[in-house]
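Notes to accompany the following structure.
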Amino acid sequence: MDLADNIETIEAGYEALLAYAAQGRPAGAETGPGPHARPTIQGMAEAMAAINTALANSENAFEQVIAEDCHKAGAALGFLLAQEKIGSEIVDNLNASIHLRAVLTNLFLYSEAIGPTSEEDTRSMSYDATQPKSGS
């Protein structure tokens, strides 16, 4: 998986965990019909570990911050994975974790800075404060 795929895994995983937490599922063994939180948490943990590995030795200070935050949030994910039972309440507490939120905020900022890649996308998203607004 490349960096963009790992970022997407984390962002999509967070959205899935928000939905899971809202379902009010009791803590229990994850058997029977899903969705179950554990596969999502595992995928996010793997993506964070990969990002940490990819960016930890970067010369860019912000990339180092992202790596450190992925390490911290990954520890919280690992803690949940070590639990026998996972329910909505513990997932809701994970979603509120400052470490997970720091990773998400950093990745949103980072993704915006490194993309979009096409010139057309850049034109449609750019804003130049020195130019009059359209329709003014």
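The values are calculated or read from the model by the stated rules, or taken from the named source; none is laboratory data. Being a predicted model, the structure only gives us computed values, none of them experimental. FYI the Cβ positions are ideal-geometry reconstructions off the backbone, even for glycines, and counts take in every protein chain you see.
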Within the stretch 81-91, take every residue that is outside any helix (DSSP H, G or I) and of a type in the set (A, V, I, L, M, F, W, C) and give me the one that is surrounded by the most Cβ atoms within 10 Å (Cβ to Cβ). 86
Output for Cβ contacts, cut-off 8 Å, separation at least six or different chains, first residue of a type in the set (Gly, Ala, Ser) in the stretch 92-106, second part of a helix (DSSP H, G or I), reads 97/73; 97/76; 102/69; 102/72; 102/73
Log entry, pairs with first residue in the stretch 32-61 being surrounded by 16 or more Cβ atoms within 10 Å (Cβ to Cβ) and at pLDDT 95 or above, second being assigned to a helix (DSSP H, G or I) and among the hydroxyl-bearing types (Ser, Thr, Tyr), beta carbons closer than 7 Å, six or more apart or on different chains, reads 43/9; 44/9; 47/9
I'm told residue 78 meets every condition in (1) small (Gly, Ala, Ser); (2) buried (at least 17 other Cβ atoms within 10 Å of the Cβ); (3) modelled with pLDDT of 95 or more except one. Can you identify the failing condition by its number? (2)
Output the number of residues of the stretch 12-26 satisfying the condition of being at pLDDT 70 or above and either outside any helix (DSSP H, G or I) or surrounded by fewer than 17 Cβ atoms within 10 Å (Cβ to Cβ) (or both). 8
